[in-house]
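K.L.:
This is the structure I want to talk about, given as structure tokens.
The values are calculated or read from the model by the stated rules, or taken from the named source; none is laboratory data. Just so it is clear, the structure is predicted and the values come from calculations on it, not from any experiment. Reconstructed Cβ throughout: ideal geometry from the backbone, glycine too, with neighbour counts over all protein chains shown. All accessible areas refer to the heavy atoms of the entire protein, side chains included, with ligands and DNA or RNA removed. Shrake-Rupley method; radii C 1.70, N 1.55, O 1.52, S 1.80 Å.
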Amino acid sequence: MQALGFTDYALTRMIGRFCGTGILVRLSGGRGHVLAPAGDRQQALRLARRMRAELGDAVWISVAWRPFQELAGGVREAEDVLRIVCALGRPPEVHQLDDVAVEFAVVSNPEVSRRLTELIEPVVTRPELLRTLEALIAADGNRARAAADLVIHRSTIDYRLGRIEALTGHSPVRVRGLQTLCTALAAHTLARPRSPSASDR
């Protein structure tokens, strides 16, 4: 999970009051893990949605349900889903693997992930282009909305999107091109070193 506007102490106390006993909370800077018992994936999703409703709107939660013996894999899945949704500018809500299944599947292939990471590198090293691509993704490809979110003129965003196409060979104003760039951005995010998780300690 990732929560804005909470100290780790306050967040831990709120989660403890909501979930009761039998949970493990590991947080650092408002980001971390909540390990709670749940009978199946649907029960885990219901718990996460109730928890987010209690904590407020500025909270991202990714849910992965696994049997106890597969706990470490579940933690890694939840971390990767959260990193992907944040990299793609998805809004704060409860997310699961199904929400980013295409990106997750593609970047799980090392060769494809490497090629996509190389593809997007010229964009991520240019902050104004990266912000523009992230805004376009968050706006579901709507250039006018992305320009408004960035507080820039429509001609400026068109120029930047043209630069992205020139650097990558993929047009962010076409559905296929935007999907490729979106997946490449996810691959680049997951290629960065992972923070130590609860399962690593």
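K.L.:
Does any residue in region 31-58 that is closer than 17 Å to residue 17 by Cβ come within less than 6 Å, Cβ to Cβ, of a residue that is in a helix (DSSP H, G or I) and open to solvent by less than 50 Å² (accessible area, probe 1.4 Å) six or more places away or on a different chain, and which pairs are these?
P.N.:
So the pair list comes out as 34/15; 36/19.
K.L.:
OK, next. Test residue 56 against the stated conditions and say whether it is out of contact with any Ser or Thr (no Cβ under 6 Å at 6 or more places or on another chain), surrounded by 13 or more Cβ atoms within 10 Å (Cβ to Cβ) and within 29 Å of residue 140 (Cβ to Cβ).
P.N.:
Working: out of contact with any Ser or Thr (no Cβ under 6 Å at 6 or more places or on another chain): yes; surrounded by 13 or more Cβ atoms within 10 Å (Cβ to Cβ): yes; within 29 Å of residue 140 (Cβ to Cβ): yes.
Yes; evaluated as a whole, the condition is true for this residue.
K.L.:
Still on this model: One residue is enough: does region 63-82 have a residue meeting the conditions basic (Lys, Arg) and more than 17 Å from residue 182 (Cα to Cα)? Explain how you work it out, then say what you get.
P.N.:
Of all residues in region 63-82, those basic (Lys, Arg) come to 66, 76.
Among the residues that remain, those that are also more than 17 Å from residue 182 (Cα to Cα) are: 66, 76.
Taking every residue of region 63-82 in turn, at least one turns out to be basic (Lys, Arg) and more than 17 Å from residue 182 (Cα to Cα).
K.L.:
Can you work out which of the residues in region 84-105 that are part of a helix (DSSP H, G or I) and not hydrophobic (A, V, I, L, M, F, W, C) is least open to solvent (accessible area, probe 1.4 Å)?
P.N.:
Start the filter on region 84-105 by keeping residues that are part of a helix (DSSP H, G or I), which leaves 84-87, 97-105.
From what's left, not hydrophobic (A, V, I, L, M, F, W, C): 98-99, 103.
Details: 98: 115, 99: 68, 103: 12 Å².
Step by step, filter region 84-105, then rank; the result is 103.
K.L.:
Within region 139-157, restricting attention to residues that are of a type outside the set (S, T, N, Q), free of Cβ contacts under 8 Å to residues at least 24 places away in the same chain and open to solvent by less than 60 Å² (accessible area, probe 1.4 Å), which residue is nearest to residue 87 (Cα to Cα)? Before the answer, list the steps.
P.N.:
Within region 139-157, the first condition is being of a type outside the set (S, T, N, Q), and the residues that meet it are 139-141, 143-154, 157.
Going one step further and asking which of them are free of Cβ contacts under 8 Å to residues at least 24 places away in the same chain, we end up with 139-140, 144-154.
Within this subset, residues satisfying the condition of being open to solvent by less than 60 Å² (accessible area, probe 1.4 Å) are 139, 144, 146-147, 150, 152.
Working: 139: 14, 144: 21, 146: 16, 147: 19, 150: 17, 152: 21 Å.
The extreme case among them is 139.
K.L.:
Can you tell me how many residues within region 171-201 are surrounded by fewer than 18 Cβ atoms within 10 Å (Cβ to Cβ), at pLDDT 55 or above, part of a helix (DSSP H, G or I) and of a type outside the set (Val, Ile, Thr)? Explain how you work it out, then say what you get.
P.N.:
The first filter runs over region 171-201 and keeps only residues surrounded by fewer than 18 Cβ atoms within 10 Å (Cβ to Cβ), leaving 171, 173-176, 179, 191-201.
With at pLDDT 55 or above added as a condition, the list becomes 171, 173-176, 179, 191-193.
Applying the additional criterion that residues be part of a helix (DSSP H, G or I) yields 175-176, 179, 191.
After this cut, where a residue has to be of a type outside the set (Val, Ile, Thr) as well, the list is 176, 179, 191.
Of the residues in that region, 3 qualify.
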